[in-house]
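Trainee: Can you read through this structure? Questions will come right after.
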Amino acid sequence: MLRSAPIGVMDSGVGGLTVVSEIWRQLPREQVLFYGDSARCPYGDRTPEEIATFTFRALDYLVDRGVKMLVIACNTATAIVLKRARMRYRVPVVGVIAPGARAAIAATTARRVGVIGTRATIASNSYKNALYETHQGIEVRSLACPGFVEIVEADLMDTHHARSFIQESLTPMQGSGIDTLILGCTHYPLLAPIISGALGKGVKLISSAEETARDVSLWLTEHNMNRTDAASPHHVFLTSGDVSAFATIATKWLNSAVDVSYLDVWADAGVDAL
Ligand code: DGL
């Protein structure tokens, strides 16, 4: 494992860019190799078996490319595979759920926390378990929000339809007494202004991105694995979906033009795309 190697980051689509943006901010010398599996997105409506199959294939690919660490920048994939991934790979694997839970515990004063995520993430109870593991006195309200990921992937965040759909979906959270809401899907920070508008300023929104990047940073420092090369970092973005759609969203959310290439890890392995 080389300290100059990139950090491998995967998501089911563009949502993981919210984590990449924090990695860039906190660790500007590091290089990122990103794989977004937009061809199979959303993962959140799939079975745990499908989610595990797709996620392991993507992670295997990143490991084969020599990454020094894996970041599963997808709550759904973290919920289903994190424990197994830590046994499968010799490089460290960072997920997004424990960091999000930690940030929420630090933020809540009412001790009432809401969690929104995909169907698979909410059904897994991973956030509830992570919150209770640290703080049994927290009251947790969970809500699956199918449809949100598709809005982000299609870059429809600024439409009237998206706003009213999101507001309506969040009705069960209104008046629930929560003062903190975990955006338990890496796509959701891209909808933060609409979500905040629906729940009011009294509810703090928590994205796992910042704490996840901190976990990455801590591991690199503790293991003396920070990249020290003088050359500027070179980032690689790969998507199994539409390259120009990915590039448009990436450029907008990373505040910089990025090179995006098409790659489907299933086709790359010589396997028919699922
Ligand atoms: N970004 C993924 C997550 O954090 C999106 C899930 C999906 O593909 O449905 O859960």
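The values are calculated or read from the model by the stated rules, or taken from the named source; none is laboratory data. Being a predicted model, the structure only gives us computed values, none of them experimental. Cβ sites come from the backbone with ideal geometry, for glycine too, and all protein chains shown count toward neighbours. What goes into the accessible areas is simple: the full protein's heavy atoms, side chains included, and nothing from ligands, DNA or RNA. Shrake-Rupley method; radii C 1.70, N 1.55, O 1.52, S 1.80 Å.
Trainee: Name the single residue that is nearest to Thr55 (Cα to Cα) among those in region 67-114 being in contact with a strand residue (DSSP E or B) (Cβ under 6 Å, 6 or more places away or on another chain) and small (Gly, Ala, Ser).
Mentor: Ala85
Trainee: Is it the case that some residue within region 10-21 is among the β-branched types (Val, Ile, Thr) and open to solvent by 10 Å² or more (accessible area, probe 1.4 Å)?
Mentor: Yes: region 10-21 contains one or more residues that are among the β-branched types (Val, Ile, Thr) and open to solvent by 10 Å² or more (accessible area, probe 1.4 Å).
Trainee: I'd like the residue in region 207-227 that is among the aliphatic types (A, V, I, L, M) and part of a helix (DSSP H, G or I) and, out of all such residues, is farthest from Gly114 (Cα to Cα).
Mentor: The extreme case among them is Leu220.
Trainee: Something else: Filter region 57-93 for residues that are in contact with a Phe, Trp or Tyr (Cβ under 7 Å, 6 or more places away or on another chain), of a type outside the set (D, E, K, R) and open to solvent by 10 Å² or more (accessible area, probe 1.4 Å) and give the result.
Mentor: Tyr61, Val63, Pro92 - these are the residues of region 57-93 that are in contact with a Phe, Trp or Tyr (Cβ under 7 Å, 6 or more places away or on another chain), of a type outside the set (D, E, K, R) and open to solvent by 10 Å² or more (accessible area, probe 1.4 Å).
Trainee: Output the residues belonging to region 37-87 that are more than 16 Å from the ligand (Cβ to nearest atom), without any contact (Cβ under 8 Å) to a residue 24 or more places away in the chain and more than 18 Å from Ala5 (Cβ to Cβ).
Mentor: Lys83, Arg86, Met87
Trainee: The conditions are (1) in contact (Cβ under 8 Å) with a residue 12 or more places away in the chain; (2) over 13 Å from Ser240 (Cα atoms); (3) more than 12 Å from the ligand (Cβ to nearest atom), and Phe34 fails exactly one of them. Which is it?
Mentor: It is condition (2) that Phe34 fails.
Trainee: Within region 189-206, track down each residue that is assigned to a loop (DSSP other than H, G, I, E, B) and either closer than 11 Å to Phe148 by Cα or open to solvent by less than 40 Å² (accessible area, probe 1.4 Å) (or both).
Mentor: If the condition is that a residue be assigned to a loop (DSSP other than H, G, I, E, B) and either closer than 11 Å to Phe148 by Cα or open to solvent by less than 40 Å² (accessible area, probe 1.4 Å) (or both), then Gly200, Val203 are the ones that fit.
Trainee: If a residue has to be open to solvent by 10 Å² or more (accessible area, probe 1.4 Å), among the β-branched types (Val, Ile, Thr) and in contact with a helix residue (DSSP H, G or I) (Cβ under 9 Å, 6 or more places away or on another chain) to count, how many in region 22-56 make the cut?
Mentor: Counting residues in region 22-56 that are open to solvent by 10 Å² or more (accessible area, probe 1.4 Å), among the β-branched types (Val, Ile, Thr) and in contact with a helix residue (DSSP H, G or I) (Cβ under 9 Å, 6 or more places away or on another chain) gives 1.
Trainee: Moving to a separate point now. Take the residues of region 94-109 that are part of a loop (DSSP other than H, G, I, E, B) and open to solvent by less than 10 Å² (accessible area, probe 1.4 Å): which is farthest from the ligand (Cβ to nearest atom)?
Mentor: The qualifying residue farthest from the ligand (Cβ to nearest atom) is Gly95.
Trainee: Taking only pairs six or more apart or across chains, which ones have beta-carbon atoms under 7 Å, a first residue in region 88-104 that is over 21 Å from Met225 (Cα atoms) and free of Cβ contacts under 8 Å to residues at least 40 places away in the same chain, and a second residue that is open to solvent by less than 10 Å² (accessible area, probe 1.4 Å) and basic (Lys, Arg)?
Mentor: No pair meets every condition.
Trainee: Of everything in region 171-199, what is small (Gly, Ala, Ser) and over 17 Å from the mean Cα position of the chain (by Cα)? Give them in sequence order.
Mentor: Selection gives Gly175, Ser176, Gly177, Ser196, Gly197, Ala198.
Trainee: Residues in region 115-127: is at least one buried (at least 22 other Cβ atoms within 10 Å of the Cβ), assigned to a strand (DSSP E or B), out of contact with any Cys (no Cβ under 9 Å at 6 or more places or on another chain) and in contact (Cβ under 8 Å) with a residue 40 or more places away in the chain?
Mentor: Checking region 115-127: at least one residue is buried (at least 22 other Cβ atoms within 10 Å of the Cβ), assigned to a strand (DSSP E or B), out of contact with any Cys (no Cβ under 9 Å at 6 or more places or on another chain) and in contact (Cβ under 8 Å) with a residue 40 or more places away in the chain.
Trainee: Quick check: is even one residue across region 153-172 more than 16 Å from the ligand (Cβ to nearest atom) and in a strand (DSSP E or B)?
Mentor: Looking for residues that are more than 16 Å from the ligand (Cβ to nearest atom) and in a strand (DSSP E or B), one finds none in region 153-172, hence no.
Trainee: How many residues, within region 134-160, are more than 22 Å from Thr18 (Cα to Cα), at pLDDT below 95 and open to solvent by 80 Å² or more (accessible area, probe 1.4 Å)?
Mentor: Looking only at that region, the number is 2.
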